[in-house]
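Written below as structure tokens is the structure these notes are about.
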Amino acid sequence: PLLPVPVSPELRLVAQHFVLLQDARHIADYDVAVSYSRLRTVSLIQTAEQAFAAWRAIRTTDEARVFSYRYSCGGNGTERSPVAVQ
């Protein structure tokens, strides 16, 4: 493990929402048969707002730095390790 402590609930939420929002983005970008309702769109916006609020709470921590570093230079979009963070 990159960090010797359990992952905070905030980072877990950021990671899980990151995956959910990235999946929704890929569907919106590449699946022309899918359209989003206003309700679904508002729900995704609220999910993003929750992720940003959680990120603001932890962004200066070591675990946030590790998460940022990992996804700025190593993720290829096919790995799902953030969801597995428990």
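The values are calculated or read from the model by the stated rules, or taken from the named source; none is laboratory data. Predicted model only: the values in this text are computed from it and were never measured. Neighbour counts run over all protein chains shown; Cβ positions are idealised from the backbone, glycine included. Ligands, DNA and RNA are excluded from the accessible area calculation, which covers all protein heavy atoms including side chains. Shrake-Rupley method; radii C 1.70, N 1.55, O 1.52, S 1.80 Å.
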Exercise for the section: List every residue pair whose Cβ atoms sit under 7 Å apart, with the two residues 6 or more apart in sequence or on different chains, where the first one lies in the range 38-62 and is within 10 Å of residue 11 (Cβ to Cβ) and the second, anywhere, is open to solvent by 70 Å² or more (accessible area, probe 1.4 Å) and not in a helix (DSSP H, G or I). Expected result: none
Handout entry: Residue under evaluation residue 54, criteria (1) part of a helix (DSSP H, G or I); (2) surrounded by fewer than 13 Cβ atoms within 10 Å (Cβ to Cβ), criterion not met
Key = (2)
